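Below is one structure; the comments refer to it alone.
The values are calculated or read from the model by the stated rules, or taken from the named source; none is laboratory data. As the structure is a prediction and not an experimental result, all values here were calculated from the model. Using ideal geometry, Cβ is built from the backbone for each residue, glycine included, and neighbour counts are taken over all protein chains shown. For the accessible areas, the whole protein counts, side chains as well, though only heavy atoms, and no ligand, DNA or RNA atoms are used. Shrake-Rupley method; radii C 1.70, N 1.55, O 1.52, S 1.80 Å.
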Amino acid sequence: MATQLPPPKRQKSNYAKSLEKPVAPEPAAPIPSIVVQFKSAEDGANLGPAINLPADTARDALQMLVNKLRGETEDPLPYAFHLVPKTPSTSTAPQSARLQINNSIQSDALNAKDSTFSPEDVFELWCEPQAVFRVRSVGRCSATLTGHSSPILCCAHSPTGKYAATGSGDANARIWDMETETPKWTLSGHKGWVLCVEWDSREKILATGGHDGQVRLWTPQTGQPYGQPLLGHTKWITSLAFEPLHLVSSSSPSPRLASASKDGTVRIWNTSTRKLEFVLTGHAASVNVVRWGGENVIYTGSSDRTVKVWSGVDGKLIRTLNEHAHWVNTMALSTDFVLKTGPFDHIGKVPKDDDEAKSLALARYKNVIATNPETLITGSDDHTLFLWPDQASASFSTTATPKKPIARLTGHQKQVNHVAFSPDGRMIASAGFDNAVKIWEGRTGKFIASLRGHVAAVYRVAWSADSRMLVSASKDTTLKLWNLKTYKIRIDLPGHTDEVYCVDFVADKVVSGGRDKTVKM
């Protein structure tokens, strides 16, 4: 039997429609007027008198107001705004230490779920100047490069972003051209896994540290060894750090290099003569990480649970920081980005000679520490991080008393694997074996947000140069790019077929490598 279609619906006639009563639109809710006090996030000072504003004033209008209050009408700066919640909300979820204002105070604070604000409050709006340039968002994998025959264990971008270097378990390091996305040089010579790679801030030397206890130097332009390997360590190399460019003496053409090893020592090498300058001994176990600060202070973190601070002039011990209850795995300085990139900034100007490069690097460093001195963050297997004040201000002559930490950062449920300051020093990102990336305030150590999305341990994090984006690499085979306005995943970057061990972010490119032996850009 044929299927019968139902009869068509009867249409209402125009006469019937005209008899229906028109529905009156709901009256719009009146927009409350609120009192806003703009405060500087740099020093906590008021930026002017409290101002009466409509609650729905957009973020762009708030930016214009702040620039007017600061007298920056010629060259207005972009600003980020946040409020600090007054009282803890009733929900059981861990609460962020700040509430980001992305649209307006009305939509983000007053109308938010679990809001603790009311229109009668005086809104203290904290203003943070942002980078004047913006990094384009990473959107897709533009190149998959093979060549390594073993897992890739480390990667690092050169200061200008022109090259990337990777180290692998096949005992080779490779240099890749980031502009053409092609292999450039294969650096062979190590007799074991290449565990760490580090660029000097002029992009003239690449240092590699191996499982064979050797430190080797290379010329990136030719791919040839830069002199003989540096021998002396009895166990494998765990970390490398070049002397900041503005500290390099005029008599030496190239910066010194610090190498940390599993043998419990740190060796300081003169890279021009290939001679050992001095050895830092004092740790009772493996030195896991070394950093060379802008005030000529060397920081070392060890499996003996201590962080030691040394003079970069003669290698004397300044003080020992012993607050951690387990191995110190990772550390970062608030000036890391500016020390690593030296004279190169977002404009792309190339210095004419070494003297100009040195003065540019010094000016950039001075600019960063003008508002806040160099601070240190350390992360450990005891699931915590410690934020330390400036360690270089005390006299070098005596072993000064240890300075108390600014804050103890708790929240990770497992070991802290990696920590990194944002380039502007305002935020800290930490990655742990608890599958989480956590964001903290760079000056006070207060918790800001947890970035959830990875389903396995997070190995590394890297910031974009404008401090607006963060990328994380994980055991779950993915990279994730995070939106730091909403603290949600901005883009998932799949493609690797196994664990991703290393990632670095420069300009608008991310380079990553892992257990699947491929480099992705």
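Some points to look at:
- Of all residues in the range 229-270 being more than 26 Å from ALA284 (Cβ to Cβ) and of a type in the set (Gly, Ala, Ser), the one that is least open to solvent (accessible area, probe 1.4 Å): SER254
- Filtered residues of the range 82-113 (kept if surrounded by fewer than 16 Cβ atoms within 10 Å (Cβ to Cβ), modelled with pLDDT of 75 or more and assigned to a loop (DSSP other than H, G, I, E, B)): VAL84, ASN102, ASN103, ASN111, ALA112, LYS113
- Selection of the range 35-46 for residues being assigned to a loop (DSSP other than H, G, I, E, B) and surrounded by 15 or more Cβ atoms within 10 Å (Cβ to Cβ) yields ALA41, GLU42.
- Scan of the range 325-364 for residues that are on the phi > 0 side of the Ramachandran plot and either part of a strand (DSSP E or B) or buried (at least 20 other Cβ atoms within 10 Å of the Cβ) (or both), ordered by number: GLY342
- Hits in the range 169-212 - residues which are out of contact with any Gly (no Cβ under 8 Å at 6 or more places or on another chain) and at positive phi: GLU181, GLY189, GLU203
- Evaluated against (1) touching a strand residue (DSSP E or B) at 6+ places or on another chain (Cβ under 8 Å); (2) more than 20 Å from SER158 (Cα to Cα); (3) free of Cβ contacts under 8 Å to residues at least 40 places away in the same chain, THR182 falls short on exactly one condition, (2).
- Filtering MET1, MET64 for residues that are out of contact with any strand residue (DSSP E or B) (no Cβ under 8 Å at 6 or more places or on another chain), at pLDDT below 80 and surrounded by fewer than 17 Cβ atoms within 10 Å (Cβ to Cβ) leaves a single hit, MET1.
- ALA420 closer than 28 Å to ALA164 by Cα, of a type in the set (Gly, Ala, Ser), open to solvent by 10 Å² or more (accessible area, probe 1.4 Å) and not in a loop (DSSP other than H, G, I, E, B): yes
- Residue count, the range 149-168 (criterion: out of contact with any strand residue (DSSP E or B) (no Cβ under 6 Å at 6 or more places or on another chain) and without any contact (Cβ under 8 Å) to a residue 60 or more places away in the chain): 1
- In the range 272-295, of all residues being open to solvent by less than 30 Å² (accessible area, probe 1.4 Å) and within 22 Å of the chain's Cα centre (by Cα), the one that is nearest to ASN417 (Cα to Cα) corresponds to VAL289.
- Considering (1) open to solvent by 40 Å² or more (accessible area, probe 1.4 Å); (2) part of a strand (DSSP E or B); (3) closer than 30 Å to ARG443 by Cα; (4) not β-branched (Val, Ile, Thr), the lone condition that LEU153 does not fulfil carries the number (3).
- Here THR57 meets each of (1) open to solvent by 30 Å² or more (accessible area, probe 1.4 Å); (2) closer than 24 Å to LYS113 by Cβ; (3) modelled with pLDDT of 80 or more with one exception, condition (1).
- Some residue of the range 128-148 being part of a loop (DSSP other than H, G, I, E, B), touching a residue at least 40 places away in the same chain (Cβ under 8 Å) and surrounded by 22 or more Cβ atoms within 10 Å (Cβ to Cβ): yes
- Residue in the range 177-196 that is in a strand (DSSP E or B), hydrophobic (A, V, I, L, M, F, W, C), under 14 Å from GLY514 (Cα atoms) and open to solvent by less than 30 Å² (accessible area, probe 1.4 Å) present: yes
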